[in-house]
1. For a quick check, take a GNM of the chain with Cα springs below 10 Å and name the residue from PRO166, PRO27, PRO307 with the largest mean-square fluctuation.
2. Among THR97, THR257, THR248, which one shows the biggest mean-square fluctuation in a GNM of the chain, springs joining Cα atoms closer than 10 Å?
3. Relative to the Cα centre, what is the charge dipole magnitude of the chain, using +1 at the beta carbon of each Lys and Arg, -1 at the beta carbon of each Asp and Glu, and rounding to the nearest 20 debye?
4. At 7 Å along the Cα-to-beta-carbon direction for both SER183 and SER249, put a label point, then send me their distance in nm to one decimal.
5. Averaging sequence separations of C-alpha pairs under 8 Å and six or more residues apart, then dividing by the length of the range 7-50, give the relative contact order as a whole percent.
6. Taking 0.36 nm per residue of separation and subtracting the Cα-Cα distance, what length does fully extending ALA74 through THR213 add?
7. Based solely on C-alpha atoms, express the radius of gyration and the Dmax of the range 72-154 in angstrom.
8. On the principal axes of its Cα set, how long, how wide and how thick is the range 145-287? Give whole Å, largest value first.
Amino acid sequence: MSDPGSAKVLVVGAVNVDLVVSADRLPQPGETVVGPDVASHGGGKGANAAVAAARAGAAVRYCGAVGDDEMGAAALAELSDEGVDIAEVARVAGVSTGAALIVVDPSGENQIAVGSGANARVDPDRVRVAVSRAADWGAGCVLISTEITPRAVVAAVKAAADKRIPCVVNPAPVLDELVEVLSIPDILTPNSSELRDLYARTPSAGADHGSLTETEMAIALAERLEVTVIVTLGADGVLVVDPAGGATSVPAGPVETVVDTTGAGDTFNGVLAASLAAGDDLVVAARRGASAASMSVGHVGARTGMPTAEAIERAAL
Ligand code: ADP
């Protein structure tokens, strides 16, 4: 990375507590399955990406919301332990911290129910203030993921543009409100299903998008919105498309055994943001993000396999 020590990133997005039960099989409707234990991990796309960016060497502020419960305290303690600044996080009284209830079967297949809790209470005004303070701090990138109050997503996108801070939006999920402001951020980072969703929901979408390749769709979207589109393609790495339609394919990193792809996209986004904030050019930043994300899929859990700056640097040699 050009200068990871100088990279400053603000991440706006969701934080969850993931409660994971491994069972012999997934439950049918109305059925109870019993596993030997329950594991609790920090999760949520925003908080995961904040951890990935911090491990990659950036100074990271995270803006989101937790409830005034023990889960919230635990989630914030985990972020602090990773060196993420949590001063912009709201603790919302009388609301639960966001939680994901996850059952995993022996093949790795899962079933997930998410309770948004405080993530659905992220206050747009608070987000605007956090972006403004990030501008004064000298943030080189604002990374926004969309599992929070839609109005807070829109507020973050507009505030980053007002303050001229380069802005990356991970459109997961593609919110109706986000579609209205899609041409404002500098970079969109959909995965392949989000790319299809974005393409279908932007104004001049043709009716025949089913027949287009991902590359054709990404080029059309980038030209139409005049933004950079980086599509994450799982084992196929990422595709970087600039607003003029120029496309560069970046391969995934080598992986011995894929153990768990949870959080791969979050790792990509966090490391991309850290690398951009450090002054790397777009394709270099995408390469670092893809390489880091591939390292993360060799480990169980969203955050366990997220690499350090040293590991990312070694892989880049
Ligand atoms: P999301 O988690 O948002 O759906 P992807 O599945 O596209 O995102 O993964 C993001 C990045 O993680 C990929 O671009 C790639 O670098 C890495 N990755 C994901 N799955 C694999 C895999 N099976 N092998 C190698 N790298 C992977």
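1. Judging by the Gaussian network model, the answer is PRO27.
2. Looking only at THR97, THR257, THR248, the biggest GNM fluctuation is shown by THR257.
3. Working: 21 positive and 40 negative charges, 142 e Å.
Roughly 680 debye, rounded to the nearest 20.
4. So the two model labels end up 3.0 nm from each other.
5. Working: 61 pairs, mean separation 22.8, N = 44.
Relative contact order comes out at 52 percent.
6. Details: separation 139, 0.36 × 139 = 50.04 nm, distance 4.31 nm.
Length gained between ALA74 and THR213: 45.7 nm.
7. Final numbers for Rg and Dmax: 15.3, 49 Å.
8. 41, 37, 28 Å, listed from the longest principal axis down.
The values are calculated or read from the model by the stated rules, or taken from the named source; none is laboratory data. The shown structure was predicted, so the numbers you read here are calculated from the model rather than taken from an experiment. Reconstructed Cβ throughout: ideal geometry from the backbone, glycine too, with neighbour counts over all protein chains shown. Just so you know, the surface numbers come from the protein's heavy atoms only, side chains and all, with ligands and any DNA or RNA stripped out. Shrake-Rupley method; radii C 1.70, N 1.55, O 1.52, S 1.80 Å.
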